[in-house]
Amino acid sequence: MDIIKIIGVALIGLIIIILLKQYKPEFAIYISLLTGVLILLLVMDKLTGIINLLQTFANKASINSTFITLLIKITGIAFLSEFAVSICKDSGEAAIASKIEIGSKIIIISMSIPILSALLEIILKVLP
């Protein structure tokens with residue numbers, strides 16, 4: 001089971017961080033970052049499977065592939081920004097974390113404008 005691998009990597013990283021904080025606290029953030037990257041790598045194959053499934057559904061439903069691509073990019077931005085925010089908060093840099101959150105929200109909103117405009121066009125066609 002993949003969750004056991006993820007929990008194992010997380011617990012090993014946690015133990016190393018706890019041990020390192022006693023002697024070299026400045027290295028703890030590097031272990032935290034490495035642990036996060038390892039966990040992301042462990043779930044990467046699942047993520048590609050989800051993306052392929054979404055593209056298959058989009059092709060069957062004849063949905064514009066541009067919209068699916070945008071949704072995948074928006075989801076990726078949300079995940080990556082959450083990862084960066086967590087790292088910043090773990091490092092004690094809440095101010096930088098909040099700036100990342102604001103920046104990612106603005107980017108997500110700007111990227112979603114084509115989807116919103118297409119939805120508005122559909123709504124306007126349906127309304128008499």
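Here I51 meets each of (1) closer than 30 Å to K21 by Cα; (2) part of a helix (DSSP H, G or I); (3) at pLDDT below 90 with one exception, condition (1). Within segment 43-60, the set of residues being hydrophobic (A, V, I, L, M, F, W, C) and open to solvent by 60 Å² or more (accessible area, probe 1.4 Å) comprises M44, L47, I50, L53, L54, F57.
Among the residues here, I68 does not qualify as under 30 Å from G92 (Cα atoms) and in a helix (DSSP H, G or I). Does F27 satisfy being open to solvent by 80 Å² or more (accessible area, probe 1.4 Å), among the aromatic types (F, W, Y) and either in contact (Cβ under 8 Å) with a residue 60 or more places away in the chain or farther than 25 Å from L116 by Cα (or both)? When the stated conditions are applied, F27 passes them.
Can you name the residue in segment 13-24 that is more than 19 Å from F83 (Cα to Cα) and part of a helix (DSSP H, G or I) and, of all such residues, is least open to solvent (accessible area, probe 1.4 Å)?
Only one residue fits best here, namely L20.
Here is a check on your reading of the model: is L19 among the aliphatic types (A, V, I, L, M), under 24 Å from A78 (Cα atoms) and free of Cβ contacts under 8 Å to residues at least 24 places away in the same chain? Answer is no for this residue.
Listed residues S112, S91, S98; which is under 17 Å from the mean Cα position of the chain (by Cα), within 27 Å of F27 (Cα to Cα) and polar (S, T, N, Q)?
Numbers: S112 fails: within 27 Å of F27 (Cα to Cα); S91 fails: under 17 Å from the mean Cα position of the chain (by Cα).
Step by step, each of S112, S91, S98 is checked, and only S98 is under 17 Å from the mean Cα position of the chain (by Cα), within 27 Å of F27 (Cα to Cα) and polar (S, T, N, Q).
On the basis of being of a type in the set (A, V, I, L, M, F, W, C), part of a helix (DSSP H, G or I), more than 15 Å from G36 (Cβ to Cβ) and modelled with pLDDT of 85 or more, does I87 make the cut? When the stated conditions are applied, I87 does not pass them. A single entry from T75, T35, T69 fulfils the requirement of being open to solvent by 40 Å² or more (accessible area, probe 1.4 Å), at pLDDT 90 or above and polar (S, T, N, Q): T75.
Would you be able to say whether some residue in segment 108-125 is under 30 Å from V9 (Cα atoms) and either in contact with a Phe, Trp or Tyr (Cβ under 9 Å, 6 or more places away or on another chain) or surrounded by fewer than 14 Cβ atoms within 10 Å (Cβ to Cβ) (or both)? So far as segment 108-125 goes, no, none of its residues is under 30 Å from V9 (Cα atoms) and either in contact with a Phe, Trp or Tyr (Cβ under 9 Å, 6 or more places away or on another chain) or surrounded by fewer than 14 Cβ atoms within 10 Å (Cβ to Cβ) (or both). Residues considered: S117, S104, S112. Of these, the only one that is among the hydroxyl-bearing types (S, T, Y), under 23 Å from L71 (Cα atoms) and modelled with pLDDT of 95 or more is S104.
The values are calculated or read from the model by the stated rules, or taken from the named source; none is laboratory data. Every value quoted in this text rests on a predicted model; they were computed, and no experiment measured them. Virtual Cβ from ideal backbone geometry, glycine too; neighbours counted across all protein chains shown. SASA here: full protein model, heavy atoms, side chains in, ligands and nucleic acids out. Shrake-Rupley method; radii C 1.70, N 1.55, O 1.52, S 1.80 Å.
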